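Report on the structure given below.
The values are calculated or read from the model by the stated rules, or taken from the named source; none is laboratory data. It should be emphasised that the depicted structure is a prediction, and the values quoted were computed from it without experimental measurement. Neighbour counts are summed over all protein chains in view; Cβ atoms, including those assigned to glycine, are modelled from backbone coordinates with ideal geometry. These accessible areas exclude ligands, DNA and RNA; they are computed on the full protein's heavy atoms, side chains included. Shrake-Rupley method; radii C 1.70, N 1.55, O 1.52, S 1.80 Å.
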Amino acid sequence: MHIKNDDTLLFIGDSITDAGRDRTDSASLGTGYVHEIAQTLRDRADGGPGPRVINKGINGDRVYDLETRWTTDVIDHRPTVVTVKIGINDTWRRYDRGLPSPVDVFEACLDRLLADTARELSARLVVITPFLLPAGPDQESWFEDLSPRTDAVLRAAGNNGAQVVRADLVVTRAAQDREAAELAPDGVHPSRLGHRLIADAWLAAVGSADQDPRR
């Protein structure tokens, strides 16, 4: 997959995608990986504006929240590339609020969204896996829920021909050389460095940046 300057890239997900964007400003991309990707693509556009980039992340969203707003926030914008980053809140809400998100139901919902998007738009699909760098012993237990959920994300992506960005592997690998708190201070929300690593992984997977294959 390669990104062209006439593409419309739409990113949707939870707070990791949202990254503090101004929801009253349709051009706001927040300060996270979406902003980093857009900036890199603009820098590579040889003086042009680069592809249009839209951020529709919303803090706290689970996959079911994405489904309720999918038509207005995705389909109606007619993007040519759709990137979905979801799943950590489906796990987190189980532990902090006792709000379950059964993995099979989660997977069916994500699969439905990807399939509907491919059918309605013929859009290229990108899925970013959820990740966790435990900030304390309480978060270690989350993997009981998150690991099978990540497998579900991979299956849904595979079923719909989506390109996968393995953020879970990227941040885990980076944490071998750095303190986890340097990458995600609370275990979930990336630091500036964490966001840059996710952006680089997206660019490498999509084929829009010259990346060192050893990274």
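If you average the sequence gap of Cα pairs under 8 Å that are 6 or more apart and divide by the length of region 122-215, what percent do you get for the contact order?
Relative contact order here is 32 percent.
Which FRET efficiency, nearest 0.05, do Thr24 and Gln176 yield, Cβ-Cβ r, R0 45 Å?
For R0 = 45 Å, the calculated efficiency reads 0.65.
Only helical DSSP H runs with n ≥ 4 go in: add -39500 (n - 2.57) per run for the chain, normalise by residue count and round the 222 nm mean residue ellipticity to 500 deg cm²/dmol.
The helix contribution divided over the chain gives -14000 deg cm²/dmol.
Hey, what D do you get for region 41-168 in µm²/s if you plug the Kirkwood alpha-carbon radius into Stokes-Einstein at 20 °C and 1.002 mPa s?
137
Share of region 67-127's accessible area from carbon and sulfur, percent, 1.4 Å?
C and S atoms contribute 51 percent here.
At a threshold of 8 angstrom on Cα-Cα distance, excluding pairs fewer than six apart, so keeping six or more, what relative contact order does region 58-188 reach in percent?
Values: 164 pairs, mean separation 37.6, N = 131.
Averaging sequence separation for qualifying contacts and normalising by length gives 29 percent for region 58-188.
Please compute P(r) over all alpha-carbon pairs of region 112-206, binned at 10 Å starting from zero, and give each bin as a whole-number percent.
Taking every Cα pair in region 112-206, the percentages come to 16, 41, 31, 11, 1.
Please work out how much length the chain gains when fully extended from Asn5 to Glu140, using 0.36 nm per residue of separation minus the C-alpha to C-alpha distance, in nm with one decimal.
Between Asn5 and Glu140, full extension yields an extra 44.4 nm.
Using a probe radius of 1.4 Å on heavy atoms only, what accessible surface per residue do you get for region 101-145? Whole Å² is fine.
43
For region 2-83, what percent of Cα pairs sit more than 14 Å apart? Don't jump to the answer; show the numbers that get you there.
Working: 1999 of 3321 pairs.
That tail contains 60 percent of the Cα-Cα pairs.
What FRET efficiency would be calculated for the residue pair Tyr64, Arg42, taking the C-beta separation as r and a Förster radius of 25 Å, to the nearest 0.05? All intermediate terms of the calculation are to be shown ahead of the outcome.
Working: r = 34 Å, r/R0 = 1.35.
The pair Tyr64/Arg42 has a calculated efficiency of 0.15.
Given C-alpha coordinates of region 35-104, what is the ratio Rg to Rh with the Kirkwood estimate of Rh? Mind dumping the intermediate values first?
On the way: Rg = 15.9 Å, Rh = 14.4 Å.
Here the Rg-to-Rh quotient is 1.10.
When the Debye formula is applied to the Cα atoms of region 152-211, each taken as the same point scatterer, what base-10 log of I(q)/I(0) results at q = 0.24 Å⁻¹?
Relative scattering, expressed as log10 I(q)/I(0), comes to -0.98.
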